[in-house]
1. Which of the GluC sites (Glu not before Pro) found in the range 206-237 are loop residues per DSSP with 16 or fewer other Cβ atoms within 10 Å of their Cβ?
2. Taking a cut-off of 18 Å between Cα atoms, list the aspartates and glutamates near residue 340, but don't count ones fewer than 8 places away on the same chain.
3. On the protein heavy atoms, probe 1.4 angstrom, tell me the percent of accessible surface of the range 105-222 carried by carbon and sulfur.
4. In whole Å, what is the distance between the alpha-carbon centres of the range 94-129 and the range 41-57?
5. At a probe radius of 1.4 Å, what is the per-residue accessible area of residue 146, in Å² to the nearest 10?
6. How much net charge surrounds residue 459 when only the other residues with a Cβ under 9 Å from the Cβ of residue 459 are counted, with Lys and Arg +1 and Asp and Glu -1?
7. State the percentage of accessible surface on the range 15-72 attributable to carbon and sulfur atoms; use a 1.4 Å probe and exclude ligands, DNA and RNA.
8. Assign unit charges at the C-beta atoms only (+1 for Lys and Arg, -1 for Asp and Glu), then state the dipole size of the range 1-131 relative to its Cα centre in Debye, rounded to the nearest 20.
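The values are calculated or read from the model by the stated rules, or taken from the named source; none is laboratory data. As the structure is a prediction and not an experimental result, all values here were calculated from the model. All Cβ positions, glycine included, derive from the backbone under ideal geometry; neighbour counts span all protein chains shown. To get the accessible areas, we keep the full protein, side chains included, count just its heavy atoms, and leave off ligands, DNA and RNA. Shrake-Rupley method; radii C 1.70, N 1.55, O 1.52, S 1.80 Å.
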Amino acid sequence: MQKALVKDLTALLGRGAVASDEADLLRYGGDALGVYRAFHSAPRLNERASAVVSPESADGISKTLEYATRNSLPVVPYGRGTGVMGAATAIDSGIVLNTQRMNRILKVDADSRTGAFQSGTVLENAHRALAANRLRLGHDPWSRPIATIGGAISTNGVGYTASGHGAMGDQVLGLRVVLGDGEIVETRAVPEALFGSSLNHVFIGTEGSLGVIAEATVQAFRVPVTWEMLCFDFPEFDSGFEAINEVYGQGLRPTVMDYGDELASDGSGGRETATLYLAFEGSEKRVDAYVSDTTAICSRHDGRRGSEAHVRRYWTNRHASALRYKRNVLESEGPDDARKSRSAYRMDYLHVALPVSKVLEYRRKCERLLSNEGVEVREWSVWGRPEFFSFLISGSENGDDGANLGRTVDRVLTLAQSMGGSMEYCHGVGLKLAHLMEAELGTGMSAAHRIKRALDPAGILNPGKAWG
Ligand SMILES: Cc1cc2nc3c(=O)[nH]c(=O)nc-3n(C[C@H](O)[C@H](O)[C@H](O)COP(=O)(O)OP(=O)(O)OC[C@H]3O[C@@H](n4cnc5c(N)ncnc54)[C@H](O)[C@@H]3O)c2cc1C
């Protein structure tokens, strides 16, 4: 069966584009969802594809999908496998469609401030191509050195500059996409969609389940004339959050907003000072006004200006975790083993989106719920918008098999849903959150399923994940 598949795919795409040896199946078989965070879906991390194909163009993707539809084979699109929800993990006996060779910069239009890229282009390379034209990408996640344009669009990722430029999906102008049956379609890269919702939104954040993105045209942004970054320390979380709420309420729009507190390192169970990082950009006059207004607001809420050295360190180190991941996992001899060796911890990070008015109430409810379950909160934070609320938790290391932590995670996520929020703003659904999708979409799930059937009639694209 596997031999016949490899022979067919090689005939379609050429020898260099197909791999089926154990090392490649393992390398491209998993993403950054560790066993420790996968909870009930952990057994599915052991599934193995039969082949990895690496096309160079939309045409190659089309041939693969047309073949897979004819033979009812599952296909998992794969950028760099840095997703943290298991959306890019292999499916038994299926095909991994690796976009690594689709890494061409297609066009940079400095006058219109746009860039067009093949989907496997790593964000850092897209960023560099734009920088040569005094432009930059509006999406700057921790994982900029390791994630692809296609992966970022398909997860609708959020980065450091999301406060100014939105999530990755907000910056997409047009896509070249291959549908489940192999048809290549283009959503024209126009400045504003004419009819209904932009078709781009069918493919943004849907984790390769409705089509495989071959190329993307995105909005780029000028390198600012003036950029000022500053930080404020607050005595406790609530006062800093109130300051943020007032900054946004007054229409002041920072490009970067990152706020949070951490568990004290002295073991006392107390919390470190909460710190708010902000960056403003534009003309010097405008930035001065923003800084002065923001400083006044923060002072009213007991915020004290932090040092420039602190701010510089924060900004310089923003990609450090991704560079570590690149070195320790992506560039290691055996990425699968490297991924598994990271599974010793018993922790999770959660990113819910809530109405602003509910954020502090939600935090209080979670504090009670988590403390009753013996779960420690290492960090509370707000990133990119006052509505985007994150926390890093760790469970007991004494004999807990993770089941309790998994159940507790479900409880805080469904709590966010019941308070008018959404269970994840940043990383998508994948294997990890598939079981909560009915609660997330409600009656909209039926419309979503009809769209899925229309665009992927044989159900070959990333089945059994976000769609259950
Ligand atoms: C150290 C580290 C830091 C991170 N920091 C951030 C962060 O700051 N912000 C953030 O949002 N995320 C972050 N992530 C998560 C991850 O980097 C993002 O989810 C990223 O967008 C995934 O990109 P990728 O190319 O690796 O995609 P993959 O993990 O390969 O795939 C992700 C999903 O997209 C689909 N997909 C991939 N390419 C295509 C395509 N061409 N067409 C259709 N579907 C496709 C896959 O099937 C899968 O469903 C971080 C991860 C790590 C390991």
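1. 236
2. 22, 24, 31, 47, 331, 348, 397, 401
3. On the way: 2240 of 4490 Å².
Taking all protein chains in place, the range 105-222 shows 50 percent carbon and sulfur surface.
4. Each part's Cα centre sits 22 Å from the other's.
5. For residue 146, solvent-accessible area is about 10 Å².
6. Charge balance in the 9 Å sphere: +1.
7. C and S fraction of accessible area: 46 percent.
8. 40 debye
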